[in-house]
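Here is the structure we will look at.
The values are calculated or read from the model by the stated rules, or taken from the named source; none is laboratory data. Bear in mind the structure is a predicted one, so any value in this text is a computation, not a measurement. As a convention, Cβ positions derive from the backbone with ideal geometry for all residues, glycine included, and neighbour counts pool all protein chains shown. Remember, those area values only see protein heavy atoms, side chains included, never the ligands or the DNA or RNA. Shrake-Rupley method; radii C 1.70, N 1.55, O 1.52, S 1.80 Å.
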Amino acid sequence: MSKIFLLSKIMMKNAGSAWGNKKGSGWKSALLLLAIGIGVLPLMLVGVMFMAGLYDGLALIGQEGALLGLGVALVSLAIFVLGIVYVLSVFYYSQDVEHMLPLPLAPWQILGAKFLVALFYEYLTSFLLFAPLLVTYGVKSGGGVLYYLFALLVYLVVPIFPLVLSALVVMLFMRFTSVGKSKDRFRLIGGLLAIVAAVGFQAVIQRQTSGRMDNIEQMQQMIVNGDNVLLNLVTQLFPASKLAALALIGSDSWSGLGYLASFLLVAAVSVVVFFFAGNRLYFRGVMGISEAMAKRKKVDESAFQKLVRPRSALMAYGLKEWRILWRTPAYLMNCTLSSVLLPVIALIPILSRQDSGEMLASLSARLQGDEAGGISLAVAFAAFLAVAGANSTSVTAITRDGQGFFLNKSLPIPYAKILIAKLMPGIILSVVSMLLLLAEGGWLLQLSPVFVVYCLLIGIPGIIFINLFGIMVDLHLPKLSWSSEQEAVKQNLNPLFTLLASALAGGLAIAGAFVMGASMTVVAVGLFALFAILDLILYRILVTKGPVWMEKIEA
Amino acid sequence: MIELTGVTKSYNNTIKAVDNVSLTIPKGEIFGFLGPNGAGKTTTIKMITGIIRPNAGQIKINGKDIATETLAAKRQFGYVPDSPDMFLRLKGLEYVSFMADIYEVPQKVRNERILQLAQRFDMTNALGDTIQSYSHGMRQKIMIMGVLVHHPEVWILDEPLTGLDPKSSYTLKEMMREHADSGRTVFFSTHVLEVAEKLCDRVAIINKGQILFCGTFAEMQQHFQSNNSLESLFLELTKHE
Ligand SMILES: Nc1ncnc2c1ncn2[C@@H]1O[C@H](COP(=O)(O)OP(=O)(O)OP(=O)(O)O)[C@@H](O)[C@H]1O
Ligand SMILES: [Mg+2]
């Protein structure tokens, strides 16, 4: 047992902190904390307010306990979904596995340590909303010491069952895709299918519930009646969550203790199942995870000529980045494919509403009328910024190089050129997102040609702005000491900055258009001018100061 | 030609990894850089190649100062790092071609050189596969090919022989000899003393960041007034006081 703790400690240390260099100077860490605060606190606050409102409403009809039941169930669902990502990266794509296999450790010790690491990440994430829920309920219901004691226990134990579930799903998947030569491709397709299934599932649910979740009262109604597909499903999927809720509700009585005990028992049983299945599934799937396909055949003449065709240094560098982005599964999921998937996923809530037809028609009419035209354009601009900000290609451009980053410094090309080459893929991908959004808009909202042209006019400078900003963030907080590519893009908080910047800039653009009541043309010209100038300034800074910052990155 | 004068580097301002090192490696010479683990070899090489900045001192490659005429200096050399686990997602040919683009190798010579290098290192059948699928030695070889494809004046190799099979190792040594004999410079670090003894025109031995000896093997024997092998002299020099 102690070996498990020891191992998990080493794995965590090895993964390093999520932000930048360990020795990152004070103000950088402070800035990051601030950014997290700005991003996270409002979320928590809104969550608390929502929960408090829901509690009050439910308390009127004596059903406040449903809040806990629902909360625990939803948290379990979230943990399950995130767990899939965590398990993939901790169990499979972290390179320490290959170092662990030869050690004289029992398989269950390695499994246990990995499980603890993933569990730890789950605790961090569920701190966002689950902890506030437990505290809000405690305060509202005037819970005593025993309640908080129970709550702490529940907080720690709730993630176990869903995490076991996601581990089982992932281990099964990896075990049975561990065949054939093009494993990576096979798994990618499997992953995509899973995403499509999840999204489709969500669309169906939304169609069922749309129009019924618009305000708190309706939601209360729904919880009490228990007539929601999603909620029923979630509670059925995680039956133990009911036990946890009952334990908390009855924390002042013997029955509560009984529920708690049975809840713990369920968690314990799931852990046993995990070890049992893991022993059978994990090692077969993980061995040879780094195997790559190889033909070992002479490259034929025409392919050879194509591959060695000369390019300018800038293009060669950009192409290298581009290839790596598309060939690395972790980057593919987080950077390249997300630029296509995001605009598509954004469609679903719209299309899956039962009344989507009328809604779109009225929207389209209002949108391009004169008074709303300016604001609509600003909204479109904000949407482009949002997809650019959600794309972490540029904001991980330095980080993705990892230890290979230092080789850049021995190459005879100016650092500024490297930085520009590194910017290219991010900008291209964001532009693709923008074009997709525009195509969707043209299809659903019958956007006028003028509107589309204006969108392109302001969208491109906006996208360049976010990408320039992103690479500057990464220049200051690169995280080069990762042990798996997954870590470089997933356990990295830098994308938070671009997300925030895009939200801020987009929000300001909308607010500006609203306050000034500007027409479409004015908004277009104004935003174009503003962001073109901002781009120029940032670009100047990047090519003059960027190389200096790059020089400073040492390890 | 590589000139180091008074080069010093300390990591995090604590211990000096390289302490006031001055070296001159003239053209036409194979220069071996020897020293125990952690002696400061890689650090020195990283400073020569511009990867890290010295705290003090000057480094010139073919007369170009790496700190001031950075690009001109970088065009003079090709560098093989100690760990070849890079660009794993690229195909071998793509990597070599990338390096050729960065160093602006014209199309005509590029094809010829790549094919010839691939043949000499027995990599012809691997060029179309990703570097990830290569063994350690193959990765080492593709890195070396990436350097040799642009015919640099100065070769800077950090432990290039580790992991190479006898034939590849022989080929590389042969090429180093040819390169030096054509009036250019080879600078490499190694732990294989027999190789250093046979191959190098001169060696330097570094320990704890300081150069303990620099000269030919014969000079070293003279200095210690013994006929011992390089190995025993090395052990003598670097043993703990
Ligand atoms: N990134 C770093 N941060 C801090 N100290 C470092 C770093 N890299 C090297 N050092 C220290 O600098 C000294 C010299 O290391 P260097 O890598 O140059 O040794 P080396 O001669 O190449 O050794 P080896 O034969 O093992 O490759 C060592 O004491 C090492 O601990
Ligand atoms: Mg070394």
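Cβ-Cβ distances below 7 Å connect the following pairs, each with a first residue in region B:25-54 that is within 14 Å of another protein chain (Cβ to nearest Cβ) and in contact (Cβ under 8 Å) with a residue 60 or more places away in the chain, a second residue that is near ligand 1 (Cβ under 7 Å from one of its atoms) and among the polar types (S, T, N, Q), and a separation of six or more residues or different chains: B:Ile45/B:Ser189. Restricted to helices (runs of 4 or more DSSP H) entirely inside region B:1-118, those with at least 2 residues that are modelled with pLDDT of 95 or more, of a type in the set (Phe, Trp, Tyr) and open to solvent by less than 40 Å² (accessible area, probe 1.4 Å) are B:92-102. Please go through region B:126-145 and give me each residue that is more than 10 Å from every other protein chain (Cβ to nearest Cβ) and within 17 Å of the chain's Cα centre (by Cα), ordered by number. B:Gly137, B:Arg139, B:Gln140, B:Lys141, B:Ile142, B:Ile144, B:Met145, listed by residue number. Within this structure, B:Gly6 passes the test of being in contact with a strand residue (DSSP E or B) (Cβ under 7 Å, 6 or more places away or on another chain), touching a residue at least 40 places away in the same chain (Cβ under 8 Å) and either under 18 Å from B:Thr185 (Cα atoms) or away from ligand 1 (no atom under 12 Å from the Cβ) (or both). Looking at this structure, is B:Ile25 away from ligand 1 (no atom under 14 Å from the Cβ), within 28 Å of B:Glu178 (Cα to Cα), β-branched (Val, Ile, Thr) and within 12 Å of the chain's Cα centre (by Cα)? For B:Ile25, the condition - away from ligand 1 (no atom under 14 Å from the Cβ), within 28 Å of B:Glu178 (Cα to Cα), β-branched (Val, Ile, Thr) and within 12 Å of the chain's Cα centre (by Cα) - is not met.
Matching residues to (1) touching a helix residue (DSSP H, G or I) at 6+ places or on another chain (Cβ under 6 Å); (2) open to solvent by 50 Å² or more (accessible area, probe 1.4 Å); (3) at positive phi; (4) of a type in the set (S, T, N, Q):
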| position | (1), (2), (3), (4) |
| --- | --- |
| A:Glu122 | yes, no, no, no |
| A:Ala131 | no, no, no, no |
| A:Val135 | no, yes, no, no |
| A:Leu146 | no, yes, no, no |
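Among the residues making up region B:156-192, those that are of a type outside the set (Val, Ile, Thr), within 16 Å of ligand 1 (Cβ to nearest atom) and either within 14 Å of chain A (Cβ to nearest Cβ) or in contact with a strand residue (DSSP E or B) (Cβ under 7 Å, 6 or more places away or on another chain) (or both) are B:Leu157, B:Asp158, B:Glu159, B:Pro160, B:Phe187, B:Phe188, B:Ser189.
The residues of region A:304-317 that are assigned to a helix (DSSP H, G or I), out of contact with any Lys or Arg (no Cβ under 8 Å at 6 or more places or on another chain) and either open to solvent by less than 30 Å² (accessible area, probe 1.4 Å) or within 7 Å of chain B (Cβ to nearest Cβ) (or both), listed by number, are A:Phe304, A:Ala316. Report yes if some residue within region A:509-522 is open to solvent by 30 Å² or more (accessible area, probe 1.4 Å), closer than 30 Å to A:Leu475 by Cα and not aliphatic (A, V, I, L, M); otherwise report no. No, every residue in region A:509-522 fails to be open to solvent by 30 Å² or more (accessible area, probe 1.4 Å), closer than 30 Å to A:Leu475 by Cα and not aliphatic (A, V, I, L, M).
In region B:56-71, of all residues being hydrophobic (A, V, I, L, M, F, W, C) and more than 8 Å from chain A (Cβ to nearest Cβ), the one that is farthest from B:Lys9 (Cα to Cα) corresponds to B:Ile61. Based on this model, can you work out whether B:Leu93 counts as of a type outside the set (Asp, Glu) and at the interface with chain A (Cβ under 9 Å from one of its Cβ atoms)? Against the criterion (of a type outside the set (Asp, Glu) and at the interface with chain A (Cβ under 9 Å from one of its Cβ atoms)), B:Leu93 qualifies. The set of residues in region A:91-116 that are of a type outside the set (D, E, K, R) and open to solvent by less than 10 Å² (accessible area, probe 1.4 Å) comprises A:Phe91, A:Tyr92, A:Val97, A:Ile110, A:Leu111, A:Gly112, A:Ala113.
Pairs only if they're at least six apart or on different chains, beta carbon under 7 angstrom, first in region B:216-234 and free of Cβ contacts under 8 Å to residues at least 12 places away in the same chain, second surrounded by fewer than 18 Cβ atoms within 10 Å (Cβ to Cβ); list them, first residue then second. Short answer, once both residue conditions are applied: B:Asn227/B:Gln221.
Quick check on my filter: what residues within region A:281-308 are charged (D, E, K, R) and free of Cβ contacts under 8 Å to residues at least 40 places away in the same chain? Selection gives A:Lys295, A:Arg296, A:Lys297, A:Lys298, A:Asp300, A:Glu301, A:Lys306. For B:Met123, are the conditions met, namely being more than 19 Å from B:Gly78 (Cα to Cα) and away from ligand 1 (no atom under 16 Å from the Cβ)? So B:Met123 fits the description; yes.
If you go through region B:76-88 one residue at a time, do you hit one that is of a type in the set (Ser, Thr, Tyr), without any contact (Cβ under 8 Å) to a residue 24 or more places away in the chain and either more than 9 Å from every other protein chain (Cβ to nearest Cβ) or within 16 Å of ligand 2 (Cβ to nearest atom) (or both)? Within region B:76-88 (the criterion being of a type in the set (Ser, Thr, Tyr), without any contact (Cβ under 8 Å) to a residue 24 or more places away in the chain and either more than 9 Å from every other protein chain (Cβ to nearest Cβ) or within 16 Å of ligand 2 (Cβ to nearest atom) (or both)), the answer is yes, since at least one residue qualifies.
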